[in-house]
Structure formats: C-alpha cells, structure tokens
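S.K.: Before anything else, here's the structure in question.
The values are calculated or read from the model by the stated rules, or taken from the named source; none is laboratory data. The shown structure was predicted, so the numbers you read here are calculated from the model rather than taken from an experiment. Note: ideal-geometry Cβ built from the backbone for every residue, glycine included; neighbour counts use all protein chains shown. We work out accessible area using only protein heavy atoms, side chains counted, and drop any ligands, DNA or RNA first. Shrake-Rupley method; radii C 1.70, N 1.55, O 1.52, S 1.80 Å.
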There are 2 protein chains.
Amino acid sequence: LSYVLAVDLGGTKCSAASIDKSGRLLSRRTVAVDHSSAMGPLRQIIELGNELADGKRPHRVFAAAAVAVPGLVRRKGTVWAPNLPGWENMPLASRLKRALGIPVLVESDRSAAVLGECWRGAGRGRSDVVVLMIGTGIGAGILSGGRIIRGAHELSGCAGWLTITREKVPKATGNGELETLVAGPAIARAAQAALREGQQSCLSAMDGSKITAHEVAAAARQGDRVAQNIFDRCGKLLGFGIANIVSLFDPQVVVLGGGMASAADLYLDALKSAMRERAQPLAARQVRVVVSKLGDEIILLGCAQLAFTTRKGKR
Amino acid sequence: LSYVLAVDLGGTKCSAASIDKSGRLLSRRTVAVDHSSAMGPLRQIIELGNELADGKRPHRVFAAAAVAVPGLVRRKGTVWAPNLPGWENMPLASRLKRALGIPVLVESDRSAAVLGECWRGAGRGRSDVVVLMIGTGIGAGILSGGRIIRGAHELSGCAGWLTITREKVPKATGNGELETLVAGPAIARAAQAALREGQQSCLSAMDGSKITAHEVAAAARQGDRVAQNIFDRCGKLLGFGIANIVSLFDPQVVVLGGGMASAADLYLDALKSAMRERAQPLAARQVRVVVSKLGDEIILLGCAQLAFTTRKGKR
C-alpha cells in the first residue's frame with residue numbers, strides 16, 4: 001500500500017490528507033473541530049479517514065495513519081490537549097486503530113512540523129533543525145543529532161515561554177513572554193494600542209476590535225509606518241528568542257512556520273540582525289534562518305513521514 | 001585494568017586523576033597550565049599521566065584516558081580551544097594515544113560535567129539533565145533523551161549567550177548577555193560599581209580592584225546588604241536563563257556546578273522563584289534545581305565515566 005492517512009488536528013481546524021511516498025497530497029479535507037464532546041474530534045478523524053479511503057475500507061487503502069495533536073503525547077498514543085474539551089487522557093492511538101483497522105501513530109504538532117520540514121522542506125538531509133511554529137501560539141519542533149528532542153515530560157520546545165526581557169509580562173494571558181509579545185494576537189493588540197494612542201495609520205479607519213495580524217500585515221505592505229514598526233519590533237524580539245535557541249542547540253537551520261511565517265517578509269531582516277547580535281557568534285554565523293515553503297502542509301507531511309517510516313512504532 | 005586516567009584541562013589549571021570503576025579518585029595532581037607554547041599543555045598531560053602511573057608504564061595501569069577541554073572537540077579528538085595558544089586544530093587524541101599507549105577520548109568540559117553528574121551526582125538514573133557550569137564563564141552540558149546534545153558544530157549549550165533582557169550588553173566584553181550579567185567577574189564588577197556609587201558596605205574597606213566574587217560572597221554571608229542584593233539580582237537573572245533552558249529542554253533536573261555554585265546558598269531561592277515565574281508552568285513544576293555535590297571533581301568524574309564506557313569510542 002503506497003498511501004498513508006495524515007491528520008493535522010488543531011484546536012479549531014482538523015485537516016486530513018491521503019499522501020504518497022513522494023510527499024504528494026492526493027486529496028485533502030478540512031473541517032472545523034467539533035468541540036461539543038471529547039468524542040467529537042475522534043469521530044471526525046474517523047469520518048475523514050473513511051472519506052479519504054474513497055468508498056473502500058481504510059485498511060485496503062492506507063498502510064498506516066499518523067495524527068498530530070495540539071498537546072502532550074504520552075506513552076501508547078494517549079493525549080492531553082488543553083484546547084479540546086475532555087482530552088485529559090484520550091487514548092487516541094488505540095481508539096483510532098480499532099476504528100480504522102490500521103496502525104496509528106500520534107505525535108505532537110511541533111514534532112510533526114520538524115519531521116515534515118526534514119522530509120520535504122528546508123531541513124532535508126540535516127541533523128540539527130529547529131522549526132519555530134508562530135501563529136496564535138509559539139512552539140518549536142527540535143531535531144538534534146538526528147533525533148527529536150522530547151524532554152522528560154514531552155514538554156520540550158515551549159519557545160513561547162522564552163524570557164527575553166526583564167519586564168513582568170501581564171499574568172492574565174497565561175502565556176509565556178515571547179508568545180505574549182510577538183504571536184499573532186500580540187500584533188493585533190499592538191496595532192489597537194497604537195490607534196488608541198492616536199497614531200496616524202491606514203488602520204485608523206477600521207473598527208479596532210476587528211483588527212487582526214492579517215490586517216496589520218496588509219497595512220505594512222502598503223507602506224503604513226505604524227504597522228511596519230510593529231513588525232520591526234516583532235522581528236527584533238523573535239530574533240532574540242531565536243538567538244537563545246541557536247546558542248543552546250546550535251542548529252544548521254531554523255525554519256519559520258505557522259500563520260505568522262507568511263508575513264515573514266515584513267520582519268525577517270530585523271529578526272536576522274537581532275539574532276546575529278545576540279547568539280553565540282560561531283553558531284550564529286553558521287545557522288540559516290528561512291521561511292518554510294511547505295505552508296499549511298508542514299504538519300501533514302510530518303505525519304506522512306512518520307507513518308511511512310515507523311508503521312509499527314511504539315508511540 | 002580497573003583504573004582510568006581522567007584529565008580536566010582548563011584555561012588556567014590542569015587537573016589529572018586516577019579513578020576506579022566506583023568513581024573513587026585514587027590520586028590527583030593539579031598544575032598551572034603552561035601557556036608558553038601549543039605543546040605545553042600536551043606535555044603536561046603526558047607528564048601527569050606518567051606520574052599517576054606511579055613509575056609503571058601508563059598502559060599497564062590505565063584501561064584508557066579521557067580529557068575534558070575548554071573548547072570545541074572536532075572529529076577524531078581534534079581540539080579548538082581559544083584560551084590555549086596555538087590550539088586551533090590540536091590533534092589531542094592521536095598525540096596522547098601515541099605518547100601514553102592507551103585509548104584516549106576527548107570531550108568538551110561541559111559535556112564531561114553532565115556525564116559526571118549523571119554517573120555520580122544528581123543526574124544518576126535520569127535521561128534529561130542540564131548541568132549549568134557557572135564560573136568565569138557560563139556553559140551548559142545537556143543530556144536529552146539519554147543522549148548528549150552536541151549541536152551541528154559542537155556549539156550547543158552556550159548558555160552564557162542567553163538573552164534575558166532587551167538592553168544592549170556592553171560589546172567590549174565579547175561575552176554573551178547572561179555571562180556578562182551573572183558570571184564570577186560580573187559579581188565583582190557589580191560590587192565595585194556599588195562602592196563607586198558610595199553605597200555603605202563592609203567591602204568599602206577593600207581596594208576595589210582586588211574585590212572578587214569570593215569576597216562579595218563572604219560579605220553577603222556576614223549580612224552585608226550591598227553584597228546580598230548583588231547575589232539576589234544574580235539569582236533572579238540566572239533564574240530567567242534557567243527558565244529558558246527548562247522551557248526548551250524540559251529536564252528532570254538542572255544541576256548548578258562550577259565556582260559560583262559554592263555560593264548558591266546566597267541566590268538559590270531567588271533563582272528558583274524567578275525560574276518558576278517564567279518557565280513553562282508544567283515543566284517548571286516538575287524540574288528540580290540543585291547544587292552539584294561533586295565540587296571540582298565533576299569534570300574528572302565525567303572523564304572517568306567516558307573512559308570506562310567507551311574505551312574504543314570514536315571521539
């Protein structure tokens with residue numbers, strides 16, 4: 001069987017694809033995640049799997065399945081995902097395996113991202129790769145010495161929690177400092193604050209509460225100084241965070257992925273120069289910082305790689 | 001043969017010991033490093049090895065030797081050490097092997113420290129351990145998933161380069177931010193600055209230029225507020241740096257080693273509370289931060305562990 005079922009289960013959307021050995025997506029379906037019960041997302045994944053099997057039984061079409069989840073993966077594919085109601089201890093792998101009749105692997109979204117980038121992206125042939133996923137949150141998938149770094153409790157790569165300033169971060173957010181300062185919502189908040197201060201911007205015409213990072217990026221591309229300054233600052237702070245990652249891991253390449261990566265043209269220069277200013281100089285000189293070309297397929301591709309290489313893996 | 005030769009080659013001192021399988025140091029010699037030529041330290045290690053063999057030929061006494069170096073270890077045990085004149089590309093392993101007639105392994109001092117701590121210290125039986133060596137400089141030895149993290153260019157663990165503030169760090173030092181703010185010399189500089197400002201301290205009686213971290217620690221233990229405040233601030237900033245390490249690596253234990261660890265009673269509480277304030281909360285709750293009990297034997301023990309377990313290792 002030359003296809004696998006790849007599933008990217010997020011906090012809001014669930015995407016599934018049938019992928020071949022060359023990394024080609026044959027078909028793909030995306031649905032809004034059913035938050036009504038713990039069983040909701042499980043049922044959705046099973047339905048997507050059956051749909052993508054195209055009328056056949058999944059085990060006649062797919063060699064295996066792999067699911068990336070927005071949370072912690074414990075032994076035997078049990079998942080804790082704070083954004084999915086009732087997923088404190090969901091035995092995802094065993095339930096899906098029973099329903100689909102194929103081996104099922106479960107991986108954290110961060111680690112799936114770095115596997116995808118190492119299979120089909122900028123990490124190909126590399127042993128030391130960090131993929132920084134920047135969207136609503138920030139997390140890092142880390143390959144070091146050819147192996148995924150998981151941590152003692154599967155909590156490695158929490159790059160959103162990096163401290164890069166001495167300031168107290170507003171506690172209310174419950175997020176880490178880097179995430180509070182530069183993830184998508186931070187861009188929107190910074191624009192809203194600038195408008196409240198009365199700064200002149202083409203965003204002034206908008207209802208402040210409706211501004212998202214997307215609108216701020218569009219304004220910056222039109223030459224709006226307020227929006228450009230926000231991305232400049234974001235790039236600088238991200239550069240400090242990446243400098244810390246570079247000094248500790250000494251990777252060959254750092255790949256930017258996630259929603260905010262599509263706006264990287266607006267902050268990549270500021271990011272690189274801040275990184276070079278702060279990271280260990282020999283490591284900084286040798287690392288490449290690039291934007292992922294895999295777009296929103298990065299995690300699906302990582303799942304496919306996982307399903308193809310470790311069909312009987314223990315996860 | 002039940003002994004190995006362990007050598008801790010630093011920038012200023014070189015220590016060698018004969019160690020048995022239980023981690024007992026049978027005898028130990030320490031000399032000031034000969035900086036007169038590239039061959040100086042090499043000759044010293046050979047002499048120490050012969051001395052510790054106690055009149056016998058080293059290969060009749062030692063199963064193997066391992067040397068920890070203050071620099072980068074390249075393939076085949078070739079060393080780049082910026083603090084040793086002429087050590088841009090020193091073929092240390094091959095030269096020592098020829099002179100001593102036994103297998104010789106070469107390791108960075110940071111990685112030797114974490115090996116020592118995992119063999120005979122607080123890292124015993126653990127898979128995810130970070131040893132933060134704090135002295136004149138700052139560096140981290142990292143074990144993750146049971147393996148040493150080396151980085152793509154053997155530059156991992158450069159924790160002295162962690163950025164934890166947005167301030168520009170004085171460029172002149174050539175060191176990273178965390179190192180500039182909290183390593184031994186920073187403690188001395190902070191005390192000198194406080195005295196110049198006219199703050200009242202029992203250190204005021206001293207010649208400012210002669211104050212070292214050691215005197216500041218002694219003053220703090222006598223209740224001197226100026227000295228105590230310096231260590232409080234140092235603990236807080238170190239806590240921020242360790243928070244970054246915890247959020248990225250999720251270790252079971254962080255061990256403080258090096259000269260500054262002996263003053264940890266003065267800053268450990270401040271360090272822990274800053275770490276808990278900033279690190280990913282689940283990882284912060286589970287990690288232990290402890291002071292190494294191995295003192296200045298930590299690197300020697302790591303060398304011994306290395307020599308006993310990988311006598312024919314490729315390094």
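S.K.: Tell me, what is the percent relative contact order of region B:187-274, built from C-alpha pairs under 8 Å that lie six or more residues apart?
M.R.: Values: 82 pairs, mean separation 27.2, N = 88.
Once normalised by length, the contact order is 31 percent.
S.K.: Okay, next question. Between their Cα atoms, which of A:LYS210/A:LYS293; A:LYS21/A:LYS293; B:LYS76/B:LYS97; A:LYS21/A:LYS76; B:LYS21/B:LYS56 are more than 23 Å away from each other?
M.R.: Over 23 Å Cα-Cα: A:LYS210/A:LYS293; A:LYS21/A:LYS76.
S.K.: Tell me the total accessible area that A and B bury against each other, 1.4 angstrom probe, in square angstrom rounded to 100.
M.R.: Numbers: alone 15170 and 15110 Å², together 26110 Å².
The summed interface area works out to 4200 Å².
S.K.: Here is a follow-up. Suppose R0 equals 22 Å; then what is the FRET efficiency for B:LYS13 and B:ASP207 from their Cβ-Cβ distance, rounded to the nearest 0.05? Kindly include the intermediate steps, with their values, before the conclusion.
M.R.: Values: r = 25 Å, r/R0 = 1.14.
That gives a FRET efficiency of 0.30.
S.K.: Of all the Cα-Cα pairs you can form in chain A, what percent are over 33 Å apart? Present the calculation step by step, with values, prior to reporting the outcome.
M.R.: Values: 13564 of 49455 pairs.
Counting every Cα pair in chain A, those more than 33 Å apart make up 27 percent.
S.K.: Evaluate the Kirkwood expression for the hydrodynamic radius of region B:91-176, namely the inverse of the mean inverse distance over all pairs of different C-alpha atoms, and round to one decimal in Å.
M.R.: Every distinct Cα pair counted, the radius reaches 14.9 Å.
S.K.: While we're here: So the label point goes 7 Å from the Cα of B:GLU167 along Cα→C-beta, right? Which residues of region B:215-232 then have their backbone N under 16 Å from it?
M.R.: B:229-232
S.K.: Please give the FRET efficiency for B:GLU47 paired with B:THR310, using the beta carbon to beta carbon distance and R0 = 22 Å, rounded to the nearest 0.05.
M.R.: Values: r = 25 Å, r/R0 = 1.14.
It comes to 0.30.
S.K.: Taking all pairs of distinct Cα atoms, average 1/r, flip it, and tell me the Kirkwood hydrodynamic radius of the protein assembly as shown in Å to one decimal place.
M.R.: Values: mean 1/r = 0.0382 Å⁻¹.
It works out to 26.2 Å.
S.K.: May I ask you to report, in nm to one decimal and beginning with the shortest, the distances from A:PRO281 to the same position in the other copies, taking label points 7 Å along Cα-to-Cβ?
M.R.: Spelled out, the distances from A:PRO281's label point are 4.2 nm.
S.K.: State to the nearest 20 debye the size of the charge dipole of chain A about its Cα centre, where the only charges are +1 on K and R beta carbons and -1 on D and E beta carbons.
M.R.: Values: 41 positive and 26 negative charges, 236 e Å.
Magnitude of the dipole: close to 1140 debye.
S.K.: OK, next. Mind checking the per residue accessible area of the protein assembly as shown for me, 1.4 Å probe, whole number of Å²?
M.R.: Working: 26110 Å² over 630 residues.
About 41 Å² of surface per residue is accessible.
S.K.: For region A:1-156, give the percent of accessible area contributed by carbon and sulfur heavy atoms, probe 1.4 Å, rounded to a whole number.
M.R.: On the way: 2970 of 6330 Å².
The computed percentage sits at 47.
S.K.: On to the next question. What relative contact order, as a whole-number percentage, does chain A give when Cα pairs under 8 Å and 6 or more residues apart are counted? Each step should come with its number before you reach the end.
M.R.: On the way: 668 pairs, mean separation 65.5, N = 315.
That works out to 21 percent.
S.K.: Using alpha-carbon positions, what is the distance between the centroids of region A:204-236 and region A:52-131, in Å?
M.R.: 35 Å
S.K.: Further, regarding this structure: Counting only other chains, and only Cβ atoms inside 10 Å, what mean value do you get across the residues of A:273-279?
M.R.: Details: counts 0, 1, 1, 0, 4, 7, 6.
Mean inter-chain Cβ contacts per residue within 10 Å come to 3.
S.K.: A further question follows. Given a cut-off of under 8 Å on Cα pairs at least six residues apart, what relative contact order in percent is computed for region B:27-110?
M.R.: On the way: 124 pairs, mean separation 25.6, N = 84.
About 31 percent, as a whole number.
S.K.: Considering only DSSP states other than H, G, I, E and B, which trypsin sites (Lys or Arg not before Pro) in region A:69-145 qualify as loop sites with at most 12 other Cβ atoms within 10 Å? Don't jump to the answer; show the numbers that get you there.
M.R.: Working: sites: A:ARG74, A:ARG75, A:LYS76, A:ARG95, A:LYS97, A:ARG98, A:ARG110, A:ARG120, A:ARG124, A:ARG126; in loops: A:ARG124, A:ARG126.
Counting only loop positions with at most 12 other Cβ atoms within 10 Å, the trypsin sites (Lys or Arg not before Pro) in region A:69-145 are A:ARG124.
S.K.: Also: Of all the Cα-Cα pairs you can form in region A:195-250, what percent are over 17 Å apart? Numbers along the way, then the final one.
M.R.: Numbers: 705 of 1540 pairs.
Taking all Cα-Cα pairs of region A:195-250, the fraction more than 17 Å apart is 46 percent.
S.K.: In deg cm²/dmol and to the nearest 500, what is the mean residue ellipticity at 222 nm of chain B if only DSSP H runs of at least 4 residues count, each as -39500 (n - 2.57), divided by the residue total? Don't skip to the end; give the middle numbers.
M.R.: Values: 11 runs with 121 residues, N = 315.
Result for chain B, helices only: -11500 deg cm²/dmol.
S.K.: State, to one decimal in nm and shortest first, how far the label point of B:GLY146 sits from each corresponding label point in the other identical copies (label point: 7 angstrom along Cα-to-Cβ).
M.R.: So the distances to the same position in the other copies read 1.6 nm.
S.K.: Please give, to one decimal in nm, the separation of the simple spin-label points placed at A:SER36 and B:LYS56, each 7 Å out from Cα toward the Cβ.
M.R.: Placing both labels 7 Å along Cα→Cβ, they lie 7.9 nm apart.
S.K.: Here is a further query. Where Rh denotes the Kirkwood radius from the mean inverse Cα pair distance, what is Rg over Rh for region B:219-308?
M.R.: Details: Rg = 14.7 Å, Rh = 14.0 Å.
Result for region B:219-308 is an Rg/Rh of 1.04.
S.K.: A drop of at least 40 square angstrom in accessible area, chain alone versus all protein chains together, probe 1.4 Å. Which residues of region A:231-267 meet that?
M.R.: Residues meeting the cut-off: A:ASN244, A:SER247, A:LEU248, A:PHE249, A:ASP250.
S.K.: Okay, moving on. Label A:ARG221 and B:ALA63 with points 7 Å out from Cα along Cα→Cβ: what is the distance between them in nm?
M.R.: Modelled inter-label distance: 6.4 nm.
S.K.: Okay, next question. A:LYS13: which aspartates and glutamates have alpha carbons under 16 Å from its alpha carbon, excluding same-chain residues fewer than 8 sequence positions away?
M.R.: A:ASP34, A:GLU47, A:ASP109, A:ASP296, A:GLU297
S.K.: Apply the a/c threshold of 1.5 to the C-alpha gyration tensor of region B:1-111 and tell me whether it is rounded, prolate or oblate. Spell out each step's value before the answer.
M.R.: Values: a/c = 1.63, a/b = 1.54, b/c = 1.06.
The shape class here is prolate.
S.K.: A follow-up question, please. With only Lys, Arg, Asp and Glu charged, each at its Cβ (+1 for the first two, -1 for the last two), find how big the charge dipole of region A:43-105 is about the Cα centre; round to the nearest 20 debye.
M.R.: Details: 10 positive and 4 negative charges, 68 e Å.
With only Lys, Arg, Asp and Glu charged at Cβ, the dipole is about 320 debye.
S.K.: How much FRET efficiency would the formula 1/(1 + (r/R0)^6) give for B:GLU88 and B:HIS214, where r is the Cβ-Cβ distance and R0 is 25 Å, rounded to 0.05?
M.R.: Details: r = 33 Å, r/R0 = 1.32.
Calculated value: 0.15.
S.K.: Same structure again: Hey, got the dipole for region B:232-296? About the Cα centre, +1 on K and R Cβ, -1 on D and E Cβ, debye to the nearest 20? Before the final figure, lay out the partial values.
M.R.: Working: 8 positive and 6 negative charges, 34 e Å.
So the dipole magnitude of region B:232-296 works out to roughly 160 debye.
S.K.: How far is B:LYS293 from itself in the other copies, in nm, if each label sits 7 Å out from Cα along the Cα-Cβ line, shortest first?
M.R.: 5.5
S.K.: Using 10 Å bins from zero, what percent of all Cα-Cα pairs in region B:63-140 falls into each bin?
M.R.: 19, 41, 32, 8
S.K.: Right, next: Hey, if you put +1 on the Cβ of every Lys and Arg and -1 on every Asp and Glu Cβ in region B:159-305, which of B:PHE240, B:ALA193, B:GLN228 ends up farthest toward the positive end of that dipole?
M.R.: The listed residue farthest towards the positive side: B:PHE240.
S.K.: In nm, to one decimal, how far is the modelled label at B:ARG24 from the one at A:LYS293, with both set 7 Å along Cα→Cβ?
M.R.: For the pair B:ARG24/A:LYS293, the computed spacing is 6.3 nm.
S.K.: Moving to a separate point now. Most mobile of B:LEU115, B:LEU48, B:LEU132 per a Gaussian network model of chain B (Cα springs, under 10 Å)?
M.R.: Its mean-square fluctuation being the largest, the pick is B:LEU48.
S.K.: Given B:PRO103, B:HIS153, B:LEU306, which one lies farthest toward the positive end of the charge dipole of chain B, if we put +1 on the Cβ of every Lys and Arg and -1 on the Cβ of every Asp and Glu?
M.R.: Sorting the options by dipole projection puts first B:PRO103.
S.K.: Per residue of region B:71-79, in order, report the coupling 6.51 cos²θ - 1.76 cosθ + 1.60 (Karplus, θ = phi - 60°) as ³J(HN,Hα) in whole Hz, putting x for Gly and Pro.
M.R.: Karplus values, whole Hz, x for Gly and Pro: x, 9, 9, 9, 4, 6, x, 8, 10.
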